[in-house]
Amino acid sequence: NSLQLNAEERQMMRAACSFNASLMDELRTHVRPGITTNELDRIAHEYTKDHGHTPACLGYRGYPKVICTSINEVICHGIPEDRELLDGDIVNLDMTTIVDGWYGDQSETFFIGEVSMEAKKLVQCTFESLWKAIRALTPGCSANVIGRAIEAHALPQGYSIVEDYQGHGIGRKFHQDPNIVHYAAPSQERVLLQPGMCFTIEPMINLGVKHTELDPTDGWTVTTADGKLTAQFEHTILMTDDGPEILTPTKNGPQEGHSFL
Ligand code: MF3
Ligand code: CO
Ligand code: CO
């Protein structure tokens with residue numbers, strides 16, 4: 001199908017995603033209590049410009065910043081501001097870069113100082129959910145294996161899975177087909193992940209209810225409806241004839257099997 005990339009196009013995606021991962025590793029060195037999310041945003045902008053690349057989020061549908069910084073009950077699309085990160089916060093940093101016209105997209109949830117055991121367990125489950133979904137992928141598989149794997153892992157622990165925001169195909173566009181949902185859905189059964197297709201998996205897992213609220217003031221910030229904690233991790237994946245290739249691995253971040261506890 002038209003979403004399947006050839007060898008040269010796959011190389012372009014590898015390069016974009018590899019740069020984006022290096023940006024994550026750069027920000028990692030700055031994440032600590034007392035830094036503001038605006039400072040992280042400025043660092044991301046500088047690093048991206050210094051390498052000759054383009055921040056994908058800045059100006060995307062009017063989004064005002066380079067990265068998304070989603071703290072505690074903020075599920076996604078939190079806008080950087082002058083608020084300092086505080087001991088006990090959890091914050092998701094989501095970043096996307098355009099490199100030679102191709103998009104790389106990923107996110108991680110970070111601990112600020114010492115966080116509660118409740119937060120650690122939620123982040124652990126969310127990280128494992130992403131990896132369970134990745135390991136369920138096989139060439140030409142149904143996209144529904146993703147939601148089935150995440151449900152099987154997160155629901156028995158009493159967490160809920162956000163339905164209102166999803167993963168997505170990615171390439172020369174930020175968001176394209178296929179839609180990737182993180183819960184089991186009959187409609188996903190006939191979506192096939194063929195070799196050459198690129199997409200993100202980015203589960204958002206909540207401590208309480210799955211429902212979301214959009215901040216009417218800024219039009220971006222998405223929070224849990226009950227104000228309870230939420231976490232997220234995201235990778236960009238290329239399906240190959242040999243199975244999934246993770247295009248956004250970091251050098252210094254948590255690797256598969258990592259324990260946050
Ligand atoms: N990076 C987000 C994703 O995973 C999208 C952010 S859109 C923005 O799809 F406009 F808020 F930046
Ligand atoms: Co994404
Ligand atoms: Co993202």
Roughly how many nanometres apart are two label points built 7 Å out from the Cα toward the Cβ at residue 152 and residue 135? 1.1
Straight-distance crosslink candidates among aspartates and glutamates, where the alpha carbon sits under 13 Å from residue 65 and sequence neighbours closer than 8 are dropped: 39, 41, 46, 81, 82, 94, 218
Counting pairs of alpha carbon atoms under 8 Å apart in space and at least six apart in sequence, what relative contact order in percent does the chain give? 23
Per-residue [θ]222 nm for the chain (sum of -39500 (n - 2.57) over DSSP H runs n ≥ 4, rounded to 500): -8500 deg cm²/dmol
Size of charge dipole - the chain - debye, nearest 20, with Cβ of Lys, Arg +1 and Asp, Glu -1, no other charges: 480
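Quick one: compute the contact order of the range 47-153, relative version, from alpha carbon pairs under 8 angstrom and 6+ residues apart, as a percent. Mind dumping the intermediate values first?
On the way: 147 pairs, mean separation 19.7, N = 107.
So the answer I get is 18 percent.
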Give me the net charge for the shell around residue 63: Cβ to Cβ below 15 angstrom, other residues only, Lys and Arg +1, Asp and Glu -1. -4
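Placing unit charges on C-beta atoms (Lys and Arg positive, Asp and Glu negative, everything else neutral), compute the dipole magnitude of the range 111-218 about its Cα centre in debye, rounded to 20. All intermediate terms of the calculation are to be shown ahead of the outcome.
Details: 9 positive and 12 negative charges, 105 e Å.
The dipole magnitude comes to about 500 debye.
If each residue of separation counts as 0.36 nm, what is the full-extension length gain between residue 190 and residue 213 once their alpha-carbon separation is subtracted?
On the way: separation 23, 0.36 × 23 = 8.28 nm, distance 3.01 nm.
Fully extending the segment from residue 190 to residue 213 adds 5.3 nm.
Dividing the alpha-carbon radius of gyration of the chain by 2.2 N^0.38 Å (N being the number of residues), what value is obtained?
Working: Rg = 17.1 Å, N = 261, 2.2 N^0.38 = 18.2 Å.
For the chain, the normalised Cα radius of gyration is 0.94.
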Dmax and Rg, reported as Rg then Dmax, of the range 1-112 (C-alpha, Å): 14.6, 48
If the cut-off is 20 Å between C-alpha atoms, which lysines fall inside it for residue 120, apart from same-chain ones fewer than 8 positions away? 132, 210, 228
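Would you mind ranking 123, 99 by Cβ crowding within 10 Å, fewest neighbours first?
On the way: 123 25, 99 22.
Fewest to most other Cβ atoms nearby, the residues stand as 99, 123.
The numbers here are math on the coordinates, done by the rules we state, and not lab data. Just so it is clear, the structure is predicted and the values come from calculations on it, not from any experiment. Glycine gets a Cβ as well: all are built from the backbone with ideal geometry, and neighbour counts include every protein chain shown.
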